[in-house]
1. Filter segment 235-260 for residues that are touching a residue at least 40 places away in the same chain (Cβ under 8 Å) and in a loop (DSSP other than H, G, I, E, B) and give the result.
2. Taking Gly187 as the residue in question, decide whether it is in contact (Cβ under 8 Å) with a residue 60 or more places away in the chain and out of contact with any helix residue (DSSP H, G or I) (no Cβ under 9 Å at 6 or more places or on another chain).
3. Take Leu157 and tell me if it is touching a residue at least 24 places away in the same chain (Cβ under 8 Å), in a helix (DSSP H, G or I) and surrounded by fewer than 19 Cβ atoms within 10 Å (Cβ to Cβ).
4. With the structure loaded, tell me whether Asp143 is open to solvent by 50 Å² or more (accessible area, probe 1.4 Å), over 25 Å from Ser208 (Cβ atoms), charged (D, E, K, R) and in contact (Cβ under 8 Å) with a residue 24 or more places away in the chain or whether it fails that test.
5. Considering only residues that are open to solvent by less than 10 Å² (accessible area, probe 1.4 Å) and on the phi < 0 side of the Ramachandran plot, which ones fall in segment 55-73?
6. Considering Ala90, Ala36, Ala82, which residue is at pLDDT 95 or above, open to solvent by less than 70 Å² (accessible area, probe 1.4 Å) and more than 13 Å from the chain's Cα centre (by Cα)?
7. Select from segment 98-128 the residues that are free of Cβ contacts under 8 Å to residues at least 60 places away in the same chain, open to solvent by less than 70 Å² (accessible area, probe 1.4 Å) and not hydrophobic (A, V, I, L, M, F, W, C) and write down the one among them that is farthest from Ser208 (Cα to Cα).
Amino acid sequence: MVRRAEEASPVERASAGCYIPPVLIVALFLSQWALAVFIQSSFHHRYASHRMFSMSPVMERVFHVMAFVTQGSSYLSARAYAILHREHHAFSDTPRDPHSPGYAGNVVRMMWQTAKRYSAHFERRSKPEARFLGNCPDWPGFDRFASAWPTRLGWGLVYVGLYWWLASAWWCFLLLPVHFLIGPTQGAIVNWCGHRYGYRNFQTGDASRNTLPMDFLTGGELFQNNHHHFSGRLNFAVRRFEVDPTYWVLRGLAVLRVIRLEPAAA
């Protein structure tokens, strides 16, 4: 039986001469990457972990939903992330750091250690110090739904379906694993590269580095040395040639009164 052209996959249609440019998949990948980076850098890191700005309870819920949409199958709880990140600052590059390259050996082992610690915080099996708790955005019911395995698998099926429909070259499917694990992948790049490669503007008590002077890859998160020196500073860029894109987007959201840049009460 001959299948109609519209029933065939893009790869099959490409083989038959009905070419669909792979730019569609690349655009999908880059869009999710940029949005997920922004949410993780702004909501999880600068808001949940450090309270560098404030927002209304309604807008906080909106950011939770945006995290679910952009991170998809690798959704991260803002509360668990905040506790983990506060521990990282307190114990940076020591044996108690939840994700230090110096005590992991390789990036896979480092992220496995991070995942175990994160899971303990998420499932509330851990007993973090009191100084790491409190003032975290917390939506337990939504977190349980967004982190449930059926939900994660559902997102995975959505990604596979989109790739089956849009991918016109075999190499496009190599991007799928990153879609599945986009949150941890971005975290691995920041935590590994930001404490191993690059230059230092400040002599801190850890191994933090600034990996990229213009960090559009991870939304300013690879200014790790700057951030560890000025942990409460909204703009991670310090020198004239450094650019922190998340900071400028947050400035725009403040102009629109979506958020308030004055620090919230600790």
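1. Answer for segment 235-260, where residues must be touching a residue at least 40 places away in the same chain (Cβ under 8 Å) and in a loop (DSSP other than H, G, I, E, B): Val258, Ile259.
2. Taking the combined requirement at face value, the residue does not satisfy it.
3. In short, no.
4. no
5. Once the filter is applied, which keeps residues that are open to solvent by less than 10 Å² (accessible area, probe 1.4 Å) and on the phi < 0 side of the Ramachandran plot, segment 55-73 yields Phe63, His64, Ala67, Gln71.
6. Of Ala90, Ala36, Ala82, the one residue that is at pLDDT 95 or above, open to solvent by less than 70 Å² (accessible area, probe 1.4 Å) and more than 13 Å from the chain's Cα centre (by Cα) is Ala90.
7. For segment 98-128, the residue satisfying everything is Ser126.
Yes/no matrix, rows are residues, columns are (1) of a type in the set (S, T, N, Q); (2) open to solvent by 10 Å² or more (accessible area, probe 1.4 Å); (3) out of contact with any Pro (no Cβ under 7 Å at 6 or more places or on another chain); (4) part of a helix (DSSP H, G or I):
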residue	(1), (2), (3), (4)
Trp165	no, yes, no, yes
Pro177	no, yes, yes, yes
Ala188	no, yes, yes, yes
Gly205	no, yes, yes, no
His228	no, yes, yes, yes
Arg233	no, yes, yes, no
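The values are calculated or read from the model by the stated rules, or taken from the named source; none is laboratory data. Note that the structure is a prediction, hence the values are computed from the model and not measured. For neighbour counting, all protein chains shown are included, and Cβ atoms are generated from backbone atoms with ideal geometry for every residue, glycine included. Ligands, DNA and RNA are excluded from the accessible area calculation, which covers all protein heavy atoms including side chains. Shrake-Rupley method; radii C 1.70, N 1.55, O 1.52, S 1.80 Å.
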